[in-house]
1. Checking the structure you have, find out if any residue of the stretch 387-404 is open to solvent by less than 30 Å² (accessible area, probe 1.4 Å), among the basic types (Lys, Arg) and away from the ligand (no atom under 14 Å from the Cβ).
2. Which one of the conditions (1) within 16 Å of the ligand (Cβ to nearest atom); (2) under 19 Å from the mean Cα position of the chain (by Cα); (3) open to solvent by 10 Å² or more (accessible area, probe 1.4 Å) does residue 345 fail to meet, given that it meets all the rest?
3. Which pairs have Cβ atoms under 7 Å, sit 6 or more apart or on different chains, and link a residue in the stretch 170-189 that is more than 16 Å from residue 352 (Cβ to Cβ) to one that is modelled with pLDDT of 95 or more and more than 16 Å from the ligand (Cβ to nearest atom)?
4. Restricting the search to the stretch 163-183, which residues are in contact with a Pro (Cβ under 6 Å, 6 or more places away or on another chain) and part of a helix (DSSP H, G or I)?
5. The conditions are (1) outside any loop (DSSP other than H, G, I, E, B); (2) open to solvent by 40 Å² or more (accessible area, probe 1.4 Å); (3) at pLDDT 75 or above, and residue 268 fails exactly one of them. Which is it?
6. If a residue must be polar (S, T, N, Q) and surrounded by 24 or more Cβ atoms within 10 Å (Cβ to Cβ), how many such residues does the stretch 227-265 contain?
7. Which residue is farthest from the ligand (Cβ to nearest atom), if the candidates are limited to the stretch 171-214 and must be among the basic types (Lys, Arg), open to solvent by 20 Å² or more (accessible area, probe 1.4 Å) and touching a helix residue (DSSP H, G or I) at 6+ places or on another chain (Cβ under 6 Å)?
8. Mind checking which residues of the stretch 224-243 are modelled with pLDDT of 95 or more and either more than 23 Å from residue 150 (Cβ to Cβ) or outside any helix (DSSP H, G or I) (or both)?
Amino acid sequence: MSQKPSVPLDPHAMAVRQLKQAAAHMDIEPGLLERITHTEREVTVHFPVKMDDGSLRMFAGYRVQHNDVRGPYKGGLRYHPATELGEVRALAMWMTWKAAVVNIPYGGAKGGVTCDPKTLSPGERERLTRRFTYEIAPIIGPERDIPAPDVYTGPQEMAWIMDTYSMISGQATPGVVTGKPLELGGSLGRFEATGRGVVITAREAARHLGRDLEGMTVAIQGSGNVGGVAARYFELAGAKVVAISDSKSGVYNPKGIESAQALACKDQYACLLGHELASEEISNQELLELEVDLLAPCAMEGVLTPDNADRIKAKLVVEGANGPTTPEADAILEDKGVLVVPDILANAGGVTVSYFEWVQNLQNLLWSEDEIGQRLEDILCRSMKEVLAIAQEKKVSLRNAAMILGVGRVLAASRLRGVYP
Ligand code: GLU
């Protein structure tokens, strides 16, 4: 978000470092380890979009497919000014481990377009989405690679992708993308899934520490698809959300903010700050360092770095964002006794309900909200238990434990499939 780390962030180097750290606790053939540090396919496209003023603008877009040994590639698409190939590469790798940690039959991919979505009109956004879909159409598909929402993309973008892909293929193909609007084969509970999963895994981690979310103070960085929803579920669980932010700044009130009001205010005025009960404006940097029980970074990668890790006061960090903690910061937090629930587990609720959506699409089924909520609970609680057991057995952090679980599953599948030809 706003703060700049003293060392420029290299997300792919960070992802590889995390992999090597976990690999040190595993027995992996060197060739196989080398194989999974690489992505399988990287597509960069440059495409024109007609802007509202009649001009033509070129955009760069990416789809990176890291690994599909366990099933079709799966992962979101983000629209962000800082999106570049290295970032998307790391995000694709994290998706592979994430799907494997929760044991759903997918590989990992990610994509994005370098753009500032806030400056695009709805028409420009639609034309950009449709043209980008056309550009990546040869490598996506319901059995091949299934995109989904990510930073600054949501159900409307997924609807345009579904329509464009269906037009190209000559048949309605809802299973090509997840996170669609309900009217187009989207699943109940998908929109809330990532934020809800953050709170489920936070609850299980708190339990592990002998605590309860009830009464815990929580700071949330981000108020979008993940942070905004997590705020609501934290409040439902009896926790007290004392701070929340957007890309510009945050609001803080030690007595607790009513996040629903702050978010409604953001919807109406594009700013969390119009909210009367919020007593203080704080920066995104200050939010991370607040005196709270639980910190949930739910925005961008690389926000917990060696520059601020020492000053984090929360005892529990739950990563709603992908890659918010650098490996150096991880080590500092571990030394301080901070329990970090890693992204590949904490935010896996999104891809888990994406999987439910895809299964429903492929079979023309409709599951109820209760069914989806229960299945999500079951999968996340089981995965959390498995990760905690590995952490205890091998005396490693939850990140290393989750990596050992996820990477182990990918390797097991790799060994069985062997190498073609
Ligand atoms: N973008 C989300 C993530 O990072 C969801 C991916 C999906 O549903 O495929 O996990």
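The values are calculated or read from the model by the stated rules, or taken from the named source; none is laboratory data. Since we're looking at a predicted model, the values are computed, not measured. Reconstructed Cβ throughout: ideal geometry from the backbone, glycine too, with neighbour counts over all protein chains shown. Calculation scope for accessible area: heavy atoms of the full protein, side chains included, ligands and nucleic acids excluded. Shrake-Rupley method; radii C 1.70, N 1.55, O 1.52, S 1.80 Å.
1. Yes, that holds for at least one residue.
2. That leaves (3) as the condition not met.
3. 172/166; 173/166
4. 175, 176
5. Status for residue 268: all satisfied but (3).
6. Initial filter on the stretch 227-265 (polar (S, T, N, Q)): 245, 247, 249, 253, 259, 261.
Filter again for surrounded by 24 or more Cβ atoms within 10 Å (Cβ to Cβ), leaving 245, 259.
Matching residues across the stretch 227-265 total 2.
7. Of the stretch 171-214, the ones among the basic types (Lys, Arg) are 180, 190, 196, 203, 207, 211.
Within this subset, residues satisfying the condition of being open to solvent by 20 Å² or more (accessible area, probe 1.4 Å) are 190, 196, 203, 207, 211.
Filter once more, keeping what is touching a helix residue (DSSP H, G or I) at 6+ places or on another chain (Cβ under 6 Å): 190, 196.
Values: 190: 8, 196: 13 Å.
Only one residue fits best here, namely 196.
8. Taking the stretch 224-243 and keeping what is modelled with pLDDT of 95 or more, we get 226-243.
Those that are modelled with pLDDT of 95 or more and either more than 23 Å from residue 150 (Cβ to Cβ) or outside any helix (DSSP H, G or I) (or both): 226, 235, 236, 237, 238, 239, 240, 241, 242, 243.
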